[in-house]
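Taken together, the values in this text are just the output of simple stated rules run on the coordinates, not laboratory data. Because the structure is predicted, anything quoted here is derived from the model rather than measured. Cβ atoms come from the backbone with ideal geometry, glycine included; neighbour counts cover every protein chain shown.
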Amino acid sequence: MARVQIKPIDTSPVKLDVTYAYNVEKALWRDFNLNDGKSPTDRQNRVTFGNYAVQINVPTVEDGVYDISLIGTGIGMHDPIFTRETLGAKTNQLLRTLSPKLVTRVILPSLHFLHAGYLISYNNRGDAEPVCPNAEYIIPREEWDTAMGEHPFHQAAYREVRADLKMLQKLDANITLVNDLEAEVGPGITMERCGGVTPANSTVTIACGSEKIMVSPLLFPTPFHIDPAVQFGFSMNQALAYDQKHRLLEKAERERQCVFFPMDPLRRAVYIDRDRNGNQVGFPCDILSQLDPFVN
């Protein structure tokens, strides 16, 4: 029997100003850089991150056939928020790796432009179509309502994603809005609403046999990515983000879940444990390499 296959897909790199995004000064980033010196800041105080979508292949009863889920679609290329503080690549690389017509569902735990910025593609005739044309698009209802609401701040913050969501509606895409705080959204895939960076920012847990992988936009690969006290400078809900990040780390430690950082340039996954001083630290988890080799 084939096993569940997990493949992080690097959709494109993104540069973030560490002071703007994390309230971390350049000198502090340099002194406590946990990215093994491979994420130095540039002259404009920006650091380069990866930006991964996660493809999940679950074997079906038919030999060699998989149920395919995709968590996130990566960064949007035309979002007006791309300024000195944030800079994306010129193209999203998702479709270079993914076979979009085979995807059963696209799970969007956050509608932030870093994670849901590529929902519409254009065919050879120039016609718009869903990036995964046969997929069900699964979104927390509160996240949808925020992005599509009339509040001026949210209209600006979700501008490009909002336009793509409206296009999905126009194209009659299969959209499912999740009301529950925690729901099963695919075979062995659970989405839990947390909040924080965006109002209904959610965490996805993937069951891989006896192992579980946690993917959460709240857990970023900063030099302080396991320190609950460090949060995003642009977060509207700093206190909630702090509480939820702390809860997720404790849950990962208690349940021995493997945490995958969706923006880590080194594509690391870790178990959460304690050092001799009682502080939470990450220890390498090789679950990605243990799974069956992925075949497109």
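Net charge near Q257, counting Lys/Arg +1 and Asp/Glu -1 over other residues with Cβ under 15 Å of its Cβ?
Counting the neighbours of Q257, the net charge comes to -1.
Where in region 120-158 is the amide nitrogen less than 11 Å from a point lying 7 Å along the Cα-to-Cβ axis of K101?
Only 133-134 pass the distance filter.
Suppose each label sits 7 Å from its Cα in the direction of the beta carbon; what would the E253-L171 distance come out to in nanometres?
Here the modelled spin labels are 4.4 nm apart.
Run through region 109-200 and list the GluC sites (Glu not before Pro) located in a DSSP loop whose Cβ has at most 15 other Cβ atoms within 10 Å.
Answer in residue order: E150.
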